[in-house]
Amino acid sequence: MVGVELGWADYEYLFVVAGIKRSTFTNRYNYITEAYKQLEDNAKKRRKVLEDSYNLFHFNREVAELNVYISSKEIVANCNDLGRDYEHVQVLENKFNEFFTELTTVGQGRVEELCVSGECLLDNNHTMTPEIKLAMATIQTKWSSLLDLATNRKETLASSVELHKYHRDVKVLISRIQATDVSISSDLGRDVSTVQALQRKHQNMTHDVQAIRSQVEALDEENRRLQDLYPGARAQGVAEQQDLLEGSWERLQNHLNLRKEALLSSSSLFTFLRAANQLLQWATNMRKLFVAEQTWR
């Protein structure tokens, strides 16, 4: 504390020359000293109030900005768009993954900085301690809710990607099956050699179709997995798609089998006709020989 320091000469002047009583001086001196001390205390209190007000202003501004930030992010996290198709939902997922990364880095950092600022105010015994605690608790609650929303949205999009991919794969495979089905020829050949060529071609097609069988089986496994993961309406949609796929596959298999049988029948027919023609040719030749022999006699 700053005080009034008096030397011996000052005391001599006051008590001897000026004739001031020692008791009067002491009382006046003590009064001034106490008043000065009170002034210092009031100044410190005032400075504390001003510092608290200044720090609270900045804290409240951070709270307000963070509330706006959280509200804007909630709009994105609350989106229900699950994509029109596989390509579209991939775009949505990629964008949301970027959003989620920004949220859990930049956003999380802002929340932590706010909490540090609030704790500093509390550690310094801020006069608005209850309000600061309430603001911090409110922000933390809102932030936790936002993270839950964002996590749920991330998981929902991942599920939608799986489902859209399954539907896309089924659609592509059904198109391939139908194209293969349409490409099966109805030509039964003109003779044994052409039938044999058609049979080799059909055998090659049957071999190529085994790749489709593998895809059908893989999608059947995926269908069962997705139905277990997503019961209800989504599982029903997956089951309906699988039924369409299996129906197309069964029709292709039946068509291939019918084609194989038709070619076998055609081969048997032309083999018989060739044997019959050979027999007729032999009979004709034998008749010619018999006639020639009779004529010679």
- prompt: In the stretch 27-91, what trypsin sites (Lys or Arg not before Pro) fall in a loop by DSSP, with at most 16 other Cβ atoms inside 10 Å?
  reply: Arg84
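What order do Ile177, Ile32, Ile75 take when sorted by accessible area (1.4 Å probe), most exposed first?
Values: Ile177 0, Ile32 90, Ile75 125 Å².
Highest to lowest solvent-accessible surface, that is Ile75, Ile32, Ile177.
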task: For every other residue with a beta carbon closer than 15 angstrom to the beta carbon of Ser266, add +1 if it is Lys or Arg and -1 if Asp or Glu, then tell me the sum.
output: +3
- line: Given (i) 29.0; (ii) 24.6; (iii) 30.6 as possible values of mean projected area of the Cα convex hull in nm², the one from the coordinates is (i)
- line: Between Ala283 and Arg190, Cβ-based FRET efficiency (R0 30 Å, step 0.05) works out to 0.80
message: Just to verify a number: what accessible area does Lys288 come out at with the full protein assembly present, 1.4 Å probe, Å² rounded to tens?
response: 130 Å²
query: Relative to the first principal axis of the alpha-carbon coordinates of the chain, what is the inclination of helix 86-102, with its axis defined by its Cα atoms, in degrees from 0 to 90 and to the nearest 10?
result: 20 degrees
Acute angle (nearest 10 degrees) that the helix 108-123 long axis makes with the longest principal axis of the chain, alpha-carbon atoms: 20 degrees
message: Please compute the contact order of the chain in relative form: average sequence separation of alpha-carbon pairs under 8 Å and at least six residues apart, divided by the residue count, as a percent.
response: 18 percent
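Kindly provide the helix-only [θ] at 222 nm of the chain, computed as the sum of -39,500 (n - 2.57) over DSSP H runs of four or more divided by all residues, to the nearest 500 deg cm²/dmol?
Numbers: 7 runs with 251 residues, N = 297.
It comes out at -31000 deg cm²/dmol, rounded to the nearest 500.
Run the numbers for Asn30 and Ala218: contour at 0.36 nm per residue of separation, minus the present Cα-Cα distance, in nm.
57.9 nm
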- line: Relative to the chain, whose Cα atoms define the longest principal axis, helix 233-296 and its Cα axis are tilted in degrees, nearest 10, by 20 degrees
task: Compute the separation of the alpha-carbon centres of the stretch 82-116 and the stretch 220-255 and state it in Å as a whole number.
output: 33 Å
Label-point separation, Asp85 to Leu122 (7 Å along Cα→Cβ), nm: 5.4 nm
message: Just to confirm a number: summing +1 for Lys and Arg and -1 for Asp and Glu over residues other than Leu82 whose beta-carbon lies under 11 angstrom from that of Leu82, what do you get?
response: 0
field: Rounded FRET efficiency, nearest 0.05, which uses the C-beta distance separating Tyr54 from Leu229 and R0 of 45 Å
entry: 0.25
- prompt: What is the local net charge at Asn124, summed over the other residues whose Cβ is closer than 11 Å to its Cβ (Lys, Arg +1; Asp, Glu -1)?
  reply: -3
- line: Accessible-area order for Val170, Val76, largest to smallest, probe 1.4 angstrom, reads Val76, Val170
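The values are calculated or read from the model by the stated rules, or taken from the named source; none is laboratory data. What you see is a predicted model, and the numbers here were worked out from it, not measured in a lab. Heads up, the Cβs are rebuilt from the backbone with ideal geometry, glycines too, and the neighbour counts pull from every protein chain shown. We work out accessible area using only protein heavy atoms, side chains counted, and drop any ligands, DNA or RNA first. Shrake-Rupley method; radii C 1.70, N 1.55, O 1.52, S 1.80 Å.
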